[in-house]
1. Given the criterion buried (at least 16 other Cβ atoms within 10 Å of the Cβ), out of contact with any Gly (no Cβ under 6 Å at 6 or more places or on another chain) and in contact (Cβ under 8 Å) with a residue 12 or more places away in the chain, identify the matching residue among Ser132, Ser200, Ser206.
2. Going through Ala60, Ala36, Ala70 one at a time, which residue ends up being touching a strand residue (DSSP E or B) at 6+ places or on another chain (Cβ under 8 Å) and assigned to a helix (DSSP H, G or I)?
3. Pick out the one residue from Ala70, Ala81, Ala94 that is in contact with an Asp or Glu (Cβ under 9 Å, 6 or more places away or on another chain) and among the small types (Gly, Ala, Ser).
4. Looking for something in a helix (DSSP H, G or I) and of a type in the set (Lys, Arg) - is there at least one such residue anywhere in the stretch 46-57?
5. Among the listed residues Lys117, Lys185, Lys197, Lys130, identify the single one that is of a type outside the set (A, V, I, L, M), under 30 Å from Gly242 (Cβ atoms) and modelled with pLDDT of 90 or more.
6. Identify all residues within the stretch 223-251 that are assigned to a loop (DSSP other than H, G, I, E, B), touching a strand residue (DSSP E or B) at 6+ places or on another chain (Cβ under 7 Å) and under 22 Å from Ala103 (Cβ atoms); write none if there are none.
7. Considering only the stretch 179-213, state which residues are over 29 Å from Thr113 (Cα atoms), touching a Phe, Trp or Tyr at 6+ places or on another chain (Cβ under 8 Å) and of a type in the set (Ser, Thr, Tyr).
Amino acid sequence: MKNILYILLFFIGSLSAQNEKIFDQANALYNEGKYAEAIDRYEVILNTDKHSAELYFNIANAHYKLNNIAPSVYYYEKALALKPKDKDIQGNLAFANNMRIDAIDNLPEVGLTRFVKKATNTLSFDGWAKLSIGLVVMFVLFYLLYYFTFGTGKKRFYFVTSTLSVVLALVALVFTFYSYSLAQKNNPAIIFAKESKVKSEPNLRSDEAFVLHEGTKVQVLDTVKSWKKIKLNDGKTGWIQGEDLKLLNNI
């Protein structure tokens, strides 16, 4: 059993070292202006299922240099998903989006929906889950202190604190489930076809609703055979051939 483990660790270490070597080779090609060749080397690493924000970022940069709109937007989005606060990724994604033909306005959210979504997005799903657990632990600790304390002042403090902890834990739990629900519904994709005709129904005989071009980001709502129901940021919906887009959530 130990021999198998040593072999596995050696294999993983060798693969990691090989990927680092290929990554350096790809970076050298990029610096020489050989962007297509650099992409080929970066994709060798992708094929080993070793993914990182740095890898996606460099692939996106190479595609951007070649004016490949859809792939550059796609890989910047992949990088941003792993490092959502990275300013370089955000800036380069903005430049890539400026190459797109489609200009789509965001549908404004108002009132309670806007507030709840903004509050939910302050933490990730994991963050809300950990906060919920932490508050439950606080509730148990302060309740035990309340139970075993006899001083009136301290007893009141522990009771109030334990009550507040359990209330906040319930609020955090609600945000946890809501964050999970948003994550489950979030199924973004990038249009890769130069021009794609969006239909009102999932068949070629239906009316054309509108036209999209490469690099546009959409949300996939449903799938019927080879068709994908999509939604734009401005609220428009329609059906598109699955081959015309590429899902961002796929590795």
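1. Numbers: Ser200 fails: buried (at least 16 other Cβ atoms within 10 Å of the Cβ); Ser206 fails: buried (at least 16 other Cβ atoms within 10 Å of the Cβ).
Selected residue: Ser132, the only one of Ser132, Ser200, Ser206 that is buried (at least 16 other Cβ atoms within 10 Å of the Cβ), out of contact with any Gly (no Cβ under 6 Å at 6 or more places or on another chain) and in contact (Cβ under 8 Å) with a residue 12 or more places away in the chain.
2. Values: Ala60 fails: touching a strand residue (DSSP E or B) at 6+ places or on another chain (Cβ under 8 Å); Ala36 fails: touching a strand residue (DSSP E or B) at 6+ places or on another chain (Cβ under 8 Å).
The conditions single out Ala70.
3. Working: Ala81 fails: in contact with an Asp or Glu (Cβ under 9 Å, 6 or more places away or on another chain); Ala94 fails: in contact with an Asp or Glu (Cβ under 9 Å, 6 or more places away or on another chain).
Going through Ala70, Ala81, Ala94 in turn, just one is in contact with an Asp or Glu (Cβ under 9 Å, 6 or more places away or on another chain) and among the small types (Gly, Ala, Ser): Ala70.
4. Looking only at the stretch 46-57, we keep the residues that are in a helix (DSSP H, G or I), and these are 46, 53-57.
Right, trim to of a type in the set (Lys, Arg) and you get none.
Among the residues of the stretch 46-57, not one is in a helix (DSSP H, G or I) and of a type in the set (Lys, Arg), which makes the answer no.
5. Working: Lys117 fails: modelled with pLDDT of 90 or more; Lys185 fails: modelled with pLDDT of 90 or more; Lys130 fails: under 30 Å from Gly242 (Cβ atoms).
The conditions single out Lys197.
6. Leu232, Lys236, Leu248, listed by residue number.
7. Answer for the stretch 179-213, where residues must be over 29 Å from Thr113 (Cα atoms), touching a Phe, Trp or Tyr at 6+ places or on another chain (Cβ under 8 Å) and of a type in the set (Ser, Thr, Tyr): just Ser206.
Condition check ((1) closer than 30 Å to Leu46 by Cα; (2) of a type in the set (Phe, Trp, Tyr); (3) in a loop (DSSP other than H, G, I, E, B); (4) in contact with a Pro (Cβ under 9 Å, 6 or more places away or on another chain)) across all residues:
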residue: Val140; (1), (2), (3), (4): no, no, no, no
residue: Leu144; (1), (2), (3), (4): no, no, no, no
residue: Tyr147; (1), (2), (3), (4): no, yes, no, no
residue: Lys154; (1), (2), (3), (4): no, no, no, no
residue: Ala169; (1), (2), (3), (4): no, no, no, no
residue: Phe175; (1), (2), (3), (4): no, yes, no, no
residue: Tyr178; (1), (2), (3), (4): no, yes, no, no
residue: Ile190; (1), (2), (3), (4): yes, no, no, yes
residue: Leu221; (1), (2), (3), (4): yes, no, no, no
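The values are calculated or read from the model by the stated rules, or taken from the named source; none is laboratory data. This one's a predicted model, so the numbers in the text were calculated from it and none came from an experiment. We place every Cβ from the backbone using ideal geometry, glycine too, and count neighbours over all the protein chains shown.
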